[in-house]
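The values are calculated or read from the model by the stated rules, or taken from the named source; none is laboratory data. Not measured: the values here are computed from a predicted model. For neighbour counting, all protein chains shown are included, and Cβ atoms are generated from backbone atoms with ideal geometry for every residue, glycine included. For the accessible areas, the whole protein counts, side chains as well, though only heavy atoms, and no ligand, DNA or RNA atoms are used. Shrake-Rupley method; radii C 1.70, N 1.55, O 1.52, S 1.80 Å.
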Amino acid sequence: MPVGIFRVCLVVITAIINHPLLFPKENGTVPENVEEIIQKMKEREVSLRLEQLRLEQEIADQEAAQKVLENAAEVVEGSKEEKVRWDMWTALSMVIELWRQDFQEGNWQDTGGEEDDMAVLGKAFKGVSFPDKAVLASFYEKRILGTTGDVARMREMVEGFADDLLEALRSVCNRDADMEVEDCMGVGSMYENWRVRKPFVCDLIVPFAPPEPYCFRCQAWCSGDSSPPDEQGYGTIKVCRADEDVTGCICDKTKLGEDMLCLLHSQANTTRPSSEMEDLLCFKNTQYLDADQVMKWFQIAVTKAWNRISHKYECDLSFSLLDSPGALKIKFRSGKSIAFNLTPVVQYENSDVYFISHFPRSSLAADLPPSTRWFLTFAVYERRFIQLVSKTLPANACHVSCLQILSFVHGKQCSLTGPSGLSNYHLKTVMLHLLQARPSQDWAPEKLEARLQDMLKFLEKCLHEKKLYHFFIGNGKVPAELGFPFVFQRAEPLNLFRPFVLQRDVYRKTVDTFHEMLRNMSALINEYTVHIP
């Protein structure tokens, strides 16, 4: 028993003596092992961080390589597309060049005059019943001639009234400061004898000129550098002194000495103040004639002139349309009224081409052009061309009848389905092209049905191609008897259907209205032939 107790006590004493907390300075084994473990852990941490950085670098290198491959693929694809695009433009350039060569050789707009061409066209006519000669003749005699019998008397009355009004206008204007107004001229459908839809409206243009010593210097879009497509058909009018050099004198660019005098310009011909140019109806701070200022002046002058002569007439005169500043209406005490347009214009050089201040807008027109940009009208030459060609046609030729019937049916169709991009001017342009393309004997009265179908098929072709060229601009086959300015004959052809390319909704509406008109033509003609008011 004592021996066992002794052994237990010995073990306890030995354990107490060997405990590390009692003798820390003598026994440093455990702390040294801990520091070694910590150091190894730090080294391991550093190695892991290096491994992480290496892996991240490898991943970044792989992503960069992937991007390089993707960019290379995009470049290859882009080069293919660019090559295709370049090939397309090359082909387009070749087509344009071939067209220019054909045009220079005298191939004006394809009028579809040949029978082979007409056989290719007319897809919209399949399944459409077209009125025969007897129905067309009856319709024209009862409906067209029956409603246009008083046109000549109306023209005569309006012209007499307008002459009296302009004479009074000259008397109320200041000859030294105001514009000089010339005699009016009748243009358009009323004076070309194809107006069919009521109300009958006479279109009169009034040339005017600035007071002395000023003059107008007109520049059309085709007389200078190439103009953008939206400026074709327009021009500008600069107000200058009659003795002013168009290109400018050196005295305006160089400071002359006190002992030097310009022999062309005196000291009085200095730069005109802004107020003086505004008095000459120019746009603010410019020398260019402002169409809006011209119309304001013209309306005020017409009002003053009417106040002077109103006691002579038993009627009232008023401006009828806000969007057409020259639209006037004569109201009689009986309740009847007569409308006419009196629009100021500026003559282009010594020709019968005129810059018109305001032109009737159609649904094809986009935004309004600047007021310093004037539209050119060839209405006088169009009237002369029709009169000249009519002398070579058979008696009672059907060219005017075709235009009247087509204008009437198109107007009735638009009243049913809404307005379209086609106007009466487009229809007249089609007739002018066919008049020039077809021989005179083809316009005999008994060929009314065939020529009417020709106009419709030609119009269908133009709508399909979105191309209807202005008859005079770029047309080298204009008869020399008209004295048409050569500068417009050698100009680039003006496509009247160009807005169709930009306005797809208007184009689709126009095509749908045209096809609907073809389907309804027989019904419309029969209805208005039987039911004569």
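Find how much the distance from Leu416 to Lys466 grows on full extension, using 0.36 nm per residue of separation minus their present alpha carbon separation; answer in nm with one decimal. Kindly include the intermediate steps, with their values, before the conclusion.
Numbers: separation 50, 0.36 × 50 = 18.00 nm, distance 2.41 nm.
15.6 nm is the gain from fully extending Leu416 to Lys466.
Would you work out what percent of the accessible area of the range 314-456, with all protein chains in place, is carbon or sulfur (probe 1.4 Å)?
Using a 1.4 Å probe with all protein chains present, the range 314-456 comes out at 51 percent carbon and sulfur.
What order, most packed first, do the peptides 157-166, 479-488 have when packing is the mean number of other Cβ atoms within 10 Å of each residue?
Values: 157-166: 17.6, 479-488: 14.3.
Ranked from most to least packed, the peptides come out as 157-166, 479-488.
What does the accessible area of Asp512 come to, in Å² to the nearest 10, when a probe of 1.4 Å is used?
70
Solvent-accessible area per residue for the range 294-433 at a 1.4 Å probe radius, Å²?
46
Rounded to the nearest 10 Å², what accessible area does Ile300 show when all protein chains are kept and the probe is 1.4 Å?
The value for Ile300 is about 100 Å².
Taking the Cα centre of the range 434-533 as the origin, how large is its charge dipole in debye, to the nearest 20, when only Lys and Arg (+1) and Asp and Glu (-1) carry charge on their Cβ atoms?
On the way: 14 positive and 12 negative charges, 83 e Å.
The dipole of the range 434-533 has a size of about 400 debye.
Here is the link list: Lys391/Lys428; Lys238/Lys466; Lys142/Lys336; Lys428/Lys477; Lys238/Lys428. Which ones come out longer than 28 Å on Cα distance?
Lys238/Lys466; Lys238/Lys428
Under a no-solvent Debye model with one identical scatterer per Cα of the range 389-533, what's log10 I(q)/I(0) at q = 0.14, 0.17 Å⁻¹?
Log10 of I(q)/I(0), two decimals: -0.75, -1.04.
I'd like the FRET efficiency for Gln453 and Asp505, computed as 1/(1 + (r/R0)^6) with the beta carbon distance as r and R0 of 22 Å, rounded to 0.05.
Values: r = 29 Å, r/R0 = 1.31.
Plugging the Cβ-Cβ distance into 1/(1 + (r/R0)^6) gives 0.15.
Can you work out the accessible area per residue across the range 462-533, with the rest of the protein chains kept in place, probe 1.4 Å, in square angstrom? Working shown, then result.
Numbers: 3700 Å² over 72 residues.
Per residue, the range 462-533 has an accessible area of 51 Å².
Ser129 versus Met154, label points 7 Å from Cα toward the beta carbon: distance in nm?
3.3
Using the Karplus curve 6.51 cos²θ - 1.76 cosθ + 1.60 with θ = phi - 60°, work out ³J(HN,Hα) for each residue of the range 128-139 in order, rounded to whole Hz, and write x for Gly and Pro.
9, 7, 9, x, 7, 4, 5, 5, 5, 5, 5, 4
Suppose R0 equals 45 Å; then what is the FRET efficiency for Phe375 and Ala523 from their Cβ-Cβ distance, rounded to the nearest 0.05?
Calculated transfer efficiency: 0.75.
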